[in-house]
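The values are calculated or read from the model by the stated rules, or taken from the named source; none is laboratory data. Quick caveat, the model's predicted, so the values are computed rather than measured. Every residue, glycine among them, receives a Cβ derived from its backbone with ideal geometry; neighbour counts consider all protein chains shown. For accessibility, only protein heavy atoms count, side chains too; no ligands or nucleic acids. Shrake-Rupley method; radii C 1.70, N 1.55, O 1.52, S 1.80 Å.
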Amino acid sequence: VIDGLLSAGAPVALGVSGGKDSTAMVLAVLQHLDDIGHPKDKRVLVHADLGLIEWPETPEWVSRLAAFVGIELLVVRRAAGDMVARWEKRWQNNLERYRNLECMTLITPWSTPAMRFCTSELKVAPIASALRKRFPGETIVSAAGIRAEESPNRAKAPVSKIQPKLTTRKASGYDWH
């Protein structure tokens, strides 16, 4: 599926976190795209800024990476606040439910491997929104550098899958790991 989309010149968004895995992925994927003649104007780097939780060097690093590879960088943020704001809001909501006797047990307000709301709310949703605006009506390939050695779940991840948040009535989108 991915080979067909790339051959057809589908837009490719390369997710950059500022870490080594995404940097290595960007360099490898761009070399592959060059090798197959993929159009350079259909490539973009995208970074989901998590706010206070980010390493201080991250914004400069992703900007330098974009300049080095010569590709536009889209930086997206959750409109309702950064990661810390989301954790604080979850805690306040939790306390309110407890006070109103709507729950008996308080839940952890921060993200965990079992509660990955940070990925869906602060990364996937804002990235998908920005990409749909940047490439309206087109099928988008969203590349992410994940290492199978990092966890059993990542080892089981498919090479590609449909990304529902990139899919509209007029176009579809795929995650490419």
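Checking the structure you have, find out if any residue of segment 70-83 is outside any loop (DSSP other than H, G, I, E, B) and loosely packed, with under 13 Cβ neighbours inside 10 Å.
No - not one qualifying residue is present in segment 70-83.
May I ask you to list the residues in segment 107-147 that are more than 24 Å from G51 (Cβ to Cβ) and either out of contact with any strand residue (DSSP E or B) (no Cβ under 7 Å at 6 or more places or on another chain) or among the acidic types (D, E) (or both)?
F135, P136, G137, E138, R147, listed by residue number.
Among the residues of segment 33-52, which ones are over 20 Å from P11 (Cα atoms) and buried (at least 17 other Cβ atoms within 10 Å of the Cβ)?
D49, L50 - these are the residues of segment 33-52 that are over 20 Å from P11 (Cα atoms) and buried (at least 17 other Cβ atoms within 10 Å of the Cβ).
Do you know which of the residues in segment 118-151 that are touching a Leu at 6+ places or on another chain (Cβ under 7 Å) and among the polar types (S, T, N, Q) is most open to solvent (accessible area, probe 1.4 Å)?
Checking each candidate, the answer is T139.
Considering only residues that are under 20 Å from I127 (Cβ atoms), among the hydrophobic types (A, V, I, L, M, F, W, C) and open to solvent by 40 Å² or more (accessible area, probe 1.4 Å), which ones fall in segment 88-117?
Scanning segment 88-117 gives a single hit, M115.
Quick one: in segment 13-29, of everything that is touching a Gly at 6+ places or on another chain (Cβ under 9 Å) and of a type outside the set (G, A, S), which residue is surrounded by the fewest Cβ atoms within 10 Å (Cβ to Cβ)?
Filtering segment 13-29 for residues that are touching a Gly at 6+ places or on another chain (Cβ under 9 Å) and of a type outside the set (G, A, S), the one surrounded by the fewest Cβ atoms within 10 Å (Cβ to Cβ) comes out as K20.
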